[in-house]
Amino acid sequence: MDIILDMYPKDLAANVFHDRFGQSPKHLVLAPGRVNLLGEHVDYNDGWVMPAAIDRSTWLAFSPVEEGDGLATLVAVDFAEQVSFNSEPIPAKTNLPEWARYPVGVAWAFRQAGLPAPVMLAAYASDVPRGAGLSSSASVEMAFGVALQTLAGQSIPAMQMALLGQKAENDYVGVNCGIMDQFASACGLRDHLLLLDCRSLAWRSLPLPDNLAIVIADTSVRRKLTVSAYNTRRQACEDAVRILSAELPGIRALRDVSLEAFNRFEDKLPGEPARRARHVVEELDRVQRAIPLLEQGDIQQFGRLMNECHASLRDLYEVSIPELDAMAEIARELPGCYGARLTGAGFGGCTVNLVAREQAETFSVELARRYQVRTNLAAEVYICRASDGARLVD
Ligand code: GLA
């Protein structure tokens, strides 16, 4: 397969589809990645998160397979790989390459939920960087979710689609993620942040002031060993809830522990669960304080909470790396920067920066330059636009 490097993923997906299957795709969908402004590592503690869908997406070109032929073919343009399989029943994940487990997992989750998952020919390409904390896998899942509902002629509410993607990732792929990434990719709103209660799944949008830019800075360090480190963080939170429930009967998650109660009972916890739980409890408090700040346009204070979040992820949750710390520190020295912190699971990837719009260009150039001087690594820094969620475009 020839990869045409300077094409946009939209054209790439459609062109590769045409080359591979000898016909134009019937449909095209896109599903964005996401960036999270505040509420990190709290979604699986029933907390509140504040992400936005970004203007980097997975594009999926697809057509239904003719009646009677149950053979599905998926082409992952970015991996220059393809896989064909009989989808009756959905194959075990061990029979698939790793990249194919995300789309096939979504079809599996559809069928588990009693929804039709029609067979398709598909080619997809993405400009969401992989392993960078911007949820490239959730964007693949949501793209395939929209494709399946299109072929089935159904209309699945966006939140249900997010839950199907999370089920695919938890129970088919085997990553114990929360709901934030799929939610943001499914429910994104142009120029808005989203505020989600991960327990009730109630959500609303928060406007992003016009004079602000969200700048994403990729350290170019890719995540390693994230799945096991992620799962042990999650386990430590569950351990903390179990131990604290002796003092605080009825708590179901760290969401139910106030900062004041945590301060009272922290000494009941061993060191590691104590540090992890303190991050979560304080982060939940930060999100609650951040909502009115954003509504009142107090970006200075909001940015301070982002900076505190980074310190907490570094010192208490221990998911930062020196390059993320360097990127956040440099950003804060630059004019126009209100707040800077690592975004997503951590262990590599990107920082998110809230920057005065009129200074965002200079900020981006200078951040990349100083980061290179300090680390000898090339960074990709870009001004991102909060975007609409996953949808059929053609
Ligand atoms: C990953 C997971 C999310 C969330 C973040 C950390 O992106 O997929 O569910 O837990 O890490 O906030």
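Computed from the coordinates by the stated procedures, all read-outs in this text should not be read as laboratory data. Source: prediction; values computed, not measured. Backbone-built Cβ (ideal geometry, glycine too); neighbour counts: all protein chains shown.
Would you mind checking which residues have amide H under 5 Å from residue 135's amide H? H placed 1.01 Å from N; only 5 or more apart, or other chain.
It is 34, by chain and number.
So what are the ³J(HN,Hα) numbers for region 76-81, from phi and the Karplus equation (6.51, -1.76, 1.60; θ = phi - 60°), rounded to whole Hz, Gly and Pro as x?
With coefficients 6.51, -1.76 and 1.60, one gets 9, 4, 5, 9, 6, 9 Hz.
Mean separation of Cα pairs under 8 Å and 6+ residues apart, divided by the residue count of region 216-384: what relative contact order is that in percent?
30 percent
When 169, 247 are ordered from fewest to most other Cβ atoms inside 10 Å of their Cβ, what list results?
Fewest-to-most Cβ neighbours within 10 Å comes out as 247, 169.
Would you please give the residues with an amide H less than 5 Å from that of residue 57, counting only those at least 5 places away or on a separate chain, with H modeled from the backbone geometry?
So residue 57 has HN proximity to 33, 127, 128.
So if R0 is 30 Å, what FRET efficiency would residue 329 and residue 272 give, r being the distance between their Cβ atoms, rounded to the nearest 0.05?
The value I calculate is 0.70.
Cα-based count: Lys pairs in the chain below 26 Å, eight or more positions apart or different chains?
Numbers: 10/26; 93/167; 93/224; 167/224.
Within the chain, the lysine pair count is 4.
As an exercise, use a Förster radius of 45 Å and the Cβ-Cβ distance of residue 308 and residue 98 to find the FRET efficiency, rounded to the nearest 0.05.
For residue 308 and residue 98, the calculated efficiency is 0.80.
At what distance in nm do the modelled label points of residue 289 and residue 376 sit from each other, each positioned 7 Å from its Cα along Cα→Cβ?
4.0 nm
To the nearest 0.05, what FRET efficiency results for residue 263 and residue 206 with a Förster distance of 22 Å applied to their C-beta separation? Each step should come with its number before you reach the end.
Values: r = 29 Å, r/R0 = 1.32.
Computed FRET efficiency for residue 263 and residue 206 comes out at 0.15.
Which ³J(HN,Hα) values in Hz, rounded to whole numbers, follow from the phi angles of region 181-186 under the Karplus curve 6.51 cos²θ - 1.76 cosθ + 1.60, where θ = phi - 60° and Gly and Pro get x?
Karplus values, whole Hz, x for Gly and Pro: 5, 5, 4, 5, 5, 7.
Please list the radius of gyration and Dmax for region 216-384, considering alpha-carbon atoms only, with Å as the unit.
For region 216-384, the Cα-based Rg and Dmax read 17.5, 53 Å.
Starting from the exponent 0.38 and prefactor 2.2 Å, build the expected Rg for the chain from its residue count and divide its actual Cα Rg by it.
Ratio of Rg to 2.2 N^0.38 Å for the chain: 0.99.
Can you give the Rg/Rh ratio of region 289-394, where Rg is from the C-alpha atoms and Rh is the Kirkwood radius?
My calculation puts Rg/Rh at 1.00.
Relative contact order for the chain: what percent, with Cα pairs under 8 Å and sequence separation of 6 or more? Write down the numbers at each step before the final one.
Details: 835 pairs, mean separation 91.2, N = 394.
23 percent.
Tell me the angle of helix 9-21 to the major Cα principal axis of the chain, expressed in degrees between 0 and 90 and rounded to the nearest ten.
30 degrees
Mind listing the phi-derived Karplus ³J(HN,Hα) values for region 285-299, rounded to whole Hz, using 6.51, -1.76 and 1.60 with θ = phi - 60°, and x for any glycine or proline?
5, 4, 4, 4, 6, 6, 4, x, 4, 5, 5, 8, x, 8, 6
Would you please put 44-52, 84-92 in order of how densely packed they are, using the mean number of other Cβ atoms within 10 angstrom per residue and starting with the highest?
Packing order, densest peptide first, comes out as 44-52, 84-92.
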